[in-house]
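First comes the structure, then the notes that go with it.
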Amino acid sequence: MMKWMLTVPLSLIFFCCAVNAQFSAAVQGIVSDATGAVLPGVNLSLTSDETGRSLATISNETGFYRIGNLGPGSYSLRVQMPGFQTKLLEDVQIAAEDVTGLNIELQPAGVALSITVTGPATAEAATENASVGRSLTTQEVLRLPQFGRDPYELARLTPGILGAGARSSTGDAANLPNAVGPGGSNASIFAVENQVQITANGQRLSANNFQIDGVNVNSLTWGGAAVVTPNQESVKEMRVVSSSYSAEDGRNSGAQVKVVSKSGTNQLHGSAFFKYQDPELNAFNKYGGPSAPPVRVDRRFRQFGGSLGGPIVRDKLFYFFSYEGLRSRDNDFINGFAETPEFRDQLRILRPNGTSARILSAPGVEPRIAGVIAVDCSAFNNDPNRCQVVPGGLDVGSIAGSLGQYLPGGSQTGGGFDGIADLQYAQFALPRQTRGDQFNPRIDFDHEAHHFALSMYFTSRDDLQSDSGSSGRPMADLTFRPWNSAATFLWNTVWSPTVLNEARANFTRFAFDQLESSEETNFGIPRIEVEGFPFDRIRFGAPRAETTPGIFAQNTYGLSDVMSWIHGSHALRVGTELEWEQNNNNLLGGARPVYSFSGLFNLANDAPVFEAVNADPSTGLPIDLQRYFRTENLAVFVQDDWKVFPNLTLNLGLRYEYFSPLTEKEGRLSNLVYGPNGLQDSKIAVFESLYEPDRNNFGPRLGFAWSPAQALRDLVLRGGFAIFYNRIPTVVFNNVRGNPPFFARYNLCCGTSDDPFAKNQIVYTLGANRSPLSYPANPALAPGIDPETGGPRGVQAEVYGSDRDMPNPYVYVYSLELEYLLRSHFVAGIGYQGSTGRKLVRTVNLNFLRPANPNFFAVYFPLHDVNSNYNGLNARLTRDFSQGFRFDAVYRWSKSIDYSSGEFGATTNQTYPIELRTERGPSDFDATHYVILSGLWDLPVFGGRQDWVGKALGGWQINGILSANSGFPWTPKTGQPLSIPNLAPTRPTAVLEQPLQSTEEEAFMRPGGNFPGGGRRYFDIQTQGPPGIGRNSFRGPGYSSVDMSFIKEFGLPGFRGNEALLEIRANFFNAFNSLNLEPFSFFSPGTFIENDLFFGRAERSLAGRVIELQARVEF
C-alpha cells in the first residue's frame, strides 16, 4: 500500500503536463459606493501583466471579494457593475505568500463611463492578517549584497528575526554561538544542507522551516537547514514570517521562509552574469588571536550563470530556465610538525615487514610541504633529554626494540638520539577545489479553468577536500559529490468564482556516495594518530568518522490538497498534507579502525595504545551502519479569514499535526528498557518504533487586523496567538543505528609494555583491499550478546535511545503591534512579540542523572523537559520603493531565556545537568539589542534620461545592509569535575572577586581581558560542590558591520531597444573593515578558567573586508 502511495507523486511529477508553483497569495477587500454602502454582485477580473492569465470573481452580499492562489507580481484589476463607472486599477502589486488588502470605491456612472488608476494600488499597511514578517522582492534579491549569492542570507532583514550574516575569518558563515549542524552558506548556494544562522521570535535555529514553490526542502537530519538553496536568477519573491497565525503553516514554529520561483511570461526575458572573488581584493582582519597574526579571506570564487524565460504559446504555455555555476580552486596553508623523510626511510629499512612501514610507504604519504621552517626545541621546553636540533629538523630519538614490542612509558626517545632528524616544522599546503552546478527548469500551462505547473531544482557539487589534520597528505584527500533536488507538480482547478482546488505532489532528495566518489582514496589504510607530543598529533590515512565514507540517500515524498471557498465574508481554506520521509544512509566509516600510538617509536614497532572500531558483536567482523529509517508526517487544517467589517479582519484556524515515531524498514531498531530499578537494571530490546506516537497535536491559530475607524485606515492594530508543534530533528535519534544487538562501537585501551595490545584485544592490521569493510574479523570483538543486558558480553556498550513517551515540543507564539502609514510612502510600526516553548529537547548521558547501569558506559537520551521564554519589542520604519529609494529599518530589544539552546551535540552540553533549574539563563543566541537596516537607492544622476548621456553617466545605484547586535552570553567553566565524578566541563563553585564588565573589543583582546590576574583570582575551581555561578552569566563582544553594493547600469540600445541593461557592480562585505571578534562558544579556550593565556580573550576576529566584482546583463 505504501509503495503504491509513493508511486503516485512520482508519476504525477514525471508523466503529467507541467506548471507554476504553489501560490498562496491573494487580494481581498470590500467593494462599496461613494456613501460607504457595500455593493454585492460586482464583477472583478484580475489579469497578470506578465502572463495574461485572468481570474474572475463576484462580490458577495456583504460586498466582500477575494481572488486567491496568486503568484507575486504586477496585475491589473477591472471592476464593473451596471450603474457605476468601470474602474481599472493598474500595477496592483501582489506580494508572495501574503494577503493584500484592497478596498474599492465605485463612483456612479456619469459622463465618464470608466476611470483608470495607474500606479501601485496596494495597501501599504498590512490590514488582512496579524503575521509578523516581510516580503523580499526580485529587486531586493538581485540588488542587496548576499555572500555567495545566497538569497536565504536576506531572511535576517525580517522583524523578529536575529542574524548578523557574519563571516568567519576563513569566509565561512559564522555560526550562532554553540549552533550544531552543517553551518550556513559555506559553498555559496551549493551547500548540501544550508543551515541559515537565524533565530525567529526567540526560538531555536532548528525550528526554522524552508519551502520553495510550496515544497518542503528541509533536511531530514538537521533542523533549520535547507537541502536546496535557490539561485538569485530564479527567485521571483521571498516571504519570511517570524510569527505566523495561519493554520497553513506548520512543521516548525520558527521562521517560515517561502521562496516563489520565476516563471515564463509573454515577454522573452533573461539574464547572464559573471562574478569574481579573489583574495587580492580582500582586507586582512585586525586580530588573529592571542598568538596568531591577522588573516584575510583566501577564496577564489568564480560564479556564472543566467536565465531565460518566455512564451511557448502566448497566454497559455510558458517556460523558464535558470543556471548557476561555481568554480573554485584554493590553497589554504597551516604550520605544524610532521615526520621527516629520514624517519620514513629508517622505518622502511628497520621494519620492512611492519604494518606501519607499509602505511608510511603507501602512495601519497608525504605531506604537502610548501616550505620547511627552521625550528628549535622550545616546543619541548628546550629539554635536552627530549629533543636536539640537527640538520633537517629535530632529533627526538631512534627506533628501538622489535615489532610488537611496546617501549616503556619513560622511553620517549626510544633507542636514544642518533643525529638524524625525526620531526620537521613546515608550512603545509591544503588544496581545495569546488565545482557546483544548479539547474532550475520550470513550465507553466493554463487551460481554461485549469492551471498546471512543474518546478524543479537540481544541484550538484564536486569537491576535493584535503585534510589539515594529516598535514595535507594526498593519501587523506576526499572527494565529495552530492546531488540535491526538489520537484513540485501543481494542479489548480477553478470550480466556480468562489471555489478553487489545489492539488500538489512533490519530491525532495539529498544523496551522495562518498565511497564511489573517493575511489582514489585507500580506505584499506586505517587512520593513524601519533600522540605524546607537546603539540597536535601526527596523522596518516584518510579522516575517520562513521560518516566518512558514507552513502547517503534521504528522500521526502509529499501529497497535499487544499480547497478554497469564499462564503459570505469568509475566505475558507481546508487542506490535507502527507509526507513520507526516508533516511537510507549507510555509514561505513566506523568499520575502518583508528589507532593511536604513544610516540613515533611505538608507531615503528606496530604497538598501538588504542583502537576504535565498529564491529558485529556476534562475529567480530567490521560492520557498516546501513539503516532504512522511516518517518511520516500528516497535517489537516482549516483556515478562515473573516472580513467581519471593512476595517476588521479575523484570522481563525486550527491545524492538526502528526509526526510518526522513527521506525526501521528491516526491523533493526533497538532501545533501552528500564528495569524494576530504572536505569540500574535496564536492558536493550528490539522495537518496531523508537517511541510511542503522540497523536494529540491540535494547534489553534487566532489573529486580527483592525483599523480603529474607517477614517483612520492608515492606523492598523494587529495581534495574534498560535500553538505550533515542532518536528524533532532526526539527528537526535539517528545514533540508535549503532545500538546492540546489531552493532557495537568498541574503544579498546590501553596497550602498554605491561599490557600489550590491551589484553590482546587490539589487532593492528590493514584492509584486504581499498574498502573500509575489508578488515579481518577480530575474535576478541565477538563475545556475543548477553541476554541479561542486550549488549555485548563483558563490554561496556554505548547506548542511544529515547523514552517511550516522547511528545512533540510545542510553542506558544503571540504578538501585538501597531502600524501607521506616514507621509511619503513611509510606514512606522511598533509592537510586542513573544514565545513560550514547552517540552523542548536536550540530550543527556543518563548515567549523570540516575544510578548508573555498569553494563553501559554512556546512555544518551533526549529528555523533553526544557522550557523557553522570549519577550521582545520590535520597532520598524519602512519606505516602499518610490522615486528610486527604498528603506527598511528594524530595531529589536529582547530577552530570550531557556535551560538549553539546542537538542544535540557537544556544544549544547549542560555544565550541571543533574539540576536542571541551575541551567536556566539567557539563551546562547540571546542579544539584548539588535538593529538591521537595508536600503536601495537609485542615485538621481541623469536619472530618467534615455539619451547617450543618461546611459553613460546615469544608472548609479547604492544598496546596503547594516547589522549590529550587542554581545552574546557565555559561561566561565573549568575542565575539572567539581560536582560529580567524570562531569566536565562544569561551572566554578563560587565567585571570589567581581571581574570587570567591559564589552569593548579591547577588553576581549588584552591579556586577562576582564579578568586581570587570571581566572583563578575570580572563580573557585578547587572546592567540590554545585556551580556557584549561573549559566551564560557574562556577555561577550558585540557585532557591527555594513555590507554594500555599488552598481552602474548601462543601457544597451542596440539590443532589444531600451529594455536591455548591462550592470557592473562591486559588493563590499564588512565594507569599512570593522573589527568584530568571534563570539565565545562552549569549547572556546577563552571560557576555561585555568587557561591563563586565553581566558576571557576572543580566540580570533571575524572576516575583514571582502570584495566581489560582478557583471550582469538583463533583458
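The values are calculated or read from the model by the stated rules, or taken from the named source; none is laboratory data. Quick caveat, the model's predicted, so the values are computed rather than measured. Counting neighbours? That spans all protein chains shown, and the Cβs are built from the backbone with ideal geometry, glycine included.
When segment 189-240 is filtered for residues that are in a loop (DSSP other than H, G, I, E, B) and among the basic types (Lys, Arg), only ARG204 remains.
Please state which one of ARG737, ARG713 is charged (D, E, K, R) and either closer than 30 Å to LEU672 by Cα or modelled with pLDDT of 95 or more (or both). It would help to see each step written out before you state the result.
Working: ARG713 fails: either closer than 30 Å to LEU672 by Cα or modelled with pLDDT of 95 or more (or both).
One residue alone meets the criteria, ARG737.
Scanning segment 649-694 for residues that are of a type in the set (A, V, I, L, M, F, W, C), touching an Asp or Glu at 6+ places or on another chain (Cβ under 8 Å) and either under 30 Å from GLY719 (Cα atoms) or assigned to a strand (DSSP E or B) (or both) yields LEU650, LEU652, PHE659.
Checking each residue in segment 154-172 for being of a type in the set (Val, Ile, Thr) and either within 15 Å of PRO279 (Cα to Cα) or assigned to a loop (DSSP other than H, G, I, E, B) (or both) picks out THR158, THR170. When LEU654 is tested against (1) surrounded by fewer than 23 Cβ atoms within 10 Å (Cβ to Cβ); (2) touching a Gly at 6+ places or on another chain (Cβ under 6 Å), only condition (2) is not met.
Determine if segment 911-933 includes at least one residue that is closer than 17 Å to ARG143 by Cα, buried (at least 19 other Cβ atoms within 10 Å of the Cβ) and touching a residue at least 24 places away in the same chain (Cβ under 8 Å). Walk me through how you get there before you give the answer.
To start, the set of residues in segment 911-933 that are closer than 17 Å to ARG143 by Cα comprises 932-933.
Adding the requirement that they be buried (at least 19 other Cβ atoms within 10 Å of the Cβ) leaves 932.
With the extra rule that they be touching a residue at least 24 places away in the same chain (Cβ under 8 Å), the set shrinks to 932.
Checked against the condition, which is being closer than 17 Å to ARG143 by Cα, buried (at least 19 other Cβ atoms within 10 Å of the Cβ) and touching a residue at least 24 places away in the same chain (Cβ under 8 Å), segment 911-933 yields at least one hit.
When you scan segment 361-402, how many residues do you find that are in contact with a strand residue (DSSP E or B) (Cβ under 7 Å, 6 or more places away or on another chain) and part of a loop (DSSP other than H, G, I, E, B)? The number of residues fulfilling the criteria is 12. Scanning segment 280-306 for residues that are over 22 Å from SER1041 (Cβ atoms), part of a loop (DSSP other than H, G, I, E, B) and without any contact (Cβ under 8 Å) to a residue 60 or more places away in the chain turns up just one, ARG300.
Taken as a whole, segment 742-755 holds no residue that is in a loop (DSSP other than H, G, I, E, B), modelled with pLDDT of 95 or more and buried (at least 17 other Cβ atoms within 10 Å of the Cβ). The residue that is nearest to SER24 (Cα to Cα), among those in segment 40-55 that are modelled with pLDDT of 90 or more and hydrophobic (A, V, I, L, M, F, W, C), is LEU46.
Taking segment 756-772, which residues are within 27 Å of SER670 (Cα to Cα) and at pLDDT 95 or above? Spell out the reasoning first.
Just the residues of segment 756-772 that are within 27 Å of SER670 (Cα to Cα), to begin with: 761, 772.
Of everything in segment 756-772, just one residue is within 27 Å of SER670 (Cα to Cα) and at pLDDT 95 or above, namely PRO772.
Does segment 190-205 include one or more residues that are modelled with pLDDT of 90 or more, out of contact with any Asp or Glu (no Cβ under 7 Å at 6 or more places or on another chain), buried (at least 24 other Cβ atoms within 10 Å of the Cβ) and among the hydroxyl-bearing types (Ser, Thr, Tyr)? Within segment 190-205, one or more residues are modelled with pLDDT of 90 or more, out of contact with any Asp or Glu (no Cβ under 7 Å at 6 or more places or on another chain), buried (at least 24 other Cβ atoms within 10 Å of the Cβ) and among the hydroxyl-bearing types (Ser, Thr, Tyr).
Scanning segment 428-480 for residues that are within 22 Å of PRO772 (Cβ to Cβ) and in a strand (DSSP E or B) returns ASP462, ASP463, LEU464, GLN465, LEU478, THR479, PHE480. Screening GLU529 against (1) in a strand (DSSP E or B); (2) at pLDDT 95 or above; (3) in contact with a helix residue (DSSP H, G or I) (Cβ under 6 Å, 6 or more places away or on another chain) leaves a single unmet condition, (3).
Only one of the numbered conditions (1) free of Cβ contacts under 8 Å to residues at least 24 places away in the same chain; (2) touching a helix residue (DSSP H, G or I) at 6+ places or on another chain (Cβ under 7 Å) is not met by LYS759, and that is (2). Of all residues in segment 557-582, which are buried (at least 18 other Cβ atoms within 10 Å of the Cβ) and of a type in the set (Gly, Ala, Ser)? Selection gives GLY558, SER560, SER564, SER569, ALA571, GLY575. Among the residues of segment 50-70, those identified as crowded, with 16+ Cβ neighbours inside 10 Å, within 44 Å of the chain's Cα centre (by Cα) and part of a loop (DSSP other than H, G, I, E, B) are GLU50, THR51, ARG53. Please count how many residues of segment 1015-1039 are part of a loop (DSSP other than H, G, I, E, B), crowded, with 20+ Cβ neighbours inside 10 Å and in contact with an Asp or Glu (Cβ under 8 Å, 6 or more places away or on another chain). Residues in segment 1015-1039 being part of a loop (DSSP other than H, G, I, E, B), crowded, with 20+ Cβ neighbours inside 10 Å and in contact with an Asp or Glu (Cβ under 8 Å, 6 or more places away or on another chain): 5 in total. Can you tell me which of GLY41, GLY83, GLY73, GLY36 is buried (at least 21 other Cβ atoms within 10 Å of the Cβ) and in contact (Cβ under 8 Å) with a residue 24 or more places away in the chain? When all the criteria are applied, what remains is GLY73. The numbered conditions (1) touching a residue at least 12 places away in the same chain (Cβ under 8 Å); (2) touching a Lys or Arg at 6+ places or on another chain (Cβ under 9 Å) are all true for VAL644 except (2). The condition (being of a type in the set (S, T, N, Q), within 28 Å of the chain's Cα centre (by Cα) and modelled with pLDDT under 95) is satisfied by just one residue among ASN282, ASN335, ASN331: ASN331. Given the structure, is SER76 under 28 Å from the mean Cα position of the chain (by Cα) and at pLDDT 90 or above? No, not satisfied.
Is it the case that segment 223-236 has a residue that's under 25 Å from ILE728 (Cβ atoms), surrounded by fewer than 24 Cβ atoms within 10 Å (Cβ to Cβ) and within 10 Å of the chain's Cα centre (by Cα)? Spell out how you get there, then give the answer.
Going residue by residue through segment 223-236, those that are under 25 Å from ILE728 (Cβ atoms) are 223-229.
Narrowing further to those that are surrounded by fewer than 24 Cβ atoms within 10 Å (Cβ to Cβ): none.
Looking through segment 223-236, none of the residues is under 25 Å from ILE728 (Cβ atoms), surrounded by fewer than 24 Cβ atoms within 10 Å (Cβ to Cβ) and within 10 Å of the chain's Cα centre (by Cα).
Taking segment 502-517 as the range and being farther than 30 Å from ASP477 by Cβ and surrounded by fewer than 18 Cβ atoms within 10 Å (Cβ to Cβ) as the test, only ALA503 passes.
Only one of PHE489, PHE445, PHE480, PHE428 is out of contact with any helix residue (DSSP H, G or I) (no Cβ under 7 Å at 6 or more places or on another chain), under 29 Å from TYR323 (Cα atoms) and either crowded, with 23+ Cβ neighbours inside 10 Å or in contact (Cβ under 8 Å) with a residue 12 or more places away in the chain (or both); which? So that I can check it myself, show each step before the final result.
On the way: PHE489 fails: out of contact with any helix residue (DSSP H, G or I) (no Cβ under 7 Å at 6 or more places or on another chain); PHE480 fails: out of contact with any helix residue (DSSP H, G or I) (no Cβ under 7 Å at 6 or more places or on another chain); PHE428 fails: under 29 Å from TYR323 (Cα atoms).
Answer to the check: PHE445.
Out of all the residues in segment 886-899, is one or more modelled with pLDDT under 95 and assigned to a loop (DSSP other than H, G, I, E, B)? No - not one qualifying residue is present in segment 886-899.
Identify the residue in segment 502-526 that is farther than 25 Å from SER460 by Cβ and part of a strand (DSSP E or B) and, among all such residues, is nearest to the chain's Cα centre (by Cα). Outline the logic, then answer.
Start the filter on segment 502-526 by keeping residues that are farther than 25 Å from SER460 by Cβ, which leaves 502-504, 522, 524-526.
In the following step, the residues that additionally are part of a strand (DSSP E or B) were identified as 502-504.
Numbers: GLU502: 30, ALA503: 29, ARG504: 26 Å.
Of everything passing the filter in segment 502-526, ARG504 is nearest to the chain's Cα centre (by Cα).
Please work out which residue is surrounded by the most Cβ atoms within 10 Å (Cβ to Cβ), limiting yourself to segment 241-279 and to residues that are within 19 Å of the chain's Cα centre (by Cα) and in a loop (DSSP other than H, G, I, E, B). The qualifying residue surrounded by the most Cβ atoms within 10 Å (Cβ to Cβ) is ALA255.
State the number of residues belonging to segment 918-933 that are assigned to a strand (DSSP E or B), closer than 23 Å to ASP1043 by Cβ and not β-branched (Val, Ile, Thr).
Within segment 918-933, the first condition is being assigned to a strand (DSSP E or B), and the residues that meet it are 921-922, 929-933.
Those still in the list that are closer than 23 Å to ASP1043 by Cβ too: 929-933.
Among the residues that remain, those that are also not β-branched (Val, Ile, Thr) are: 929-930, 933.
Total meeting the criteria: 3.
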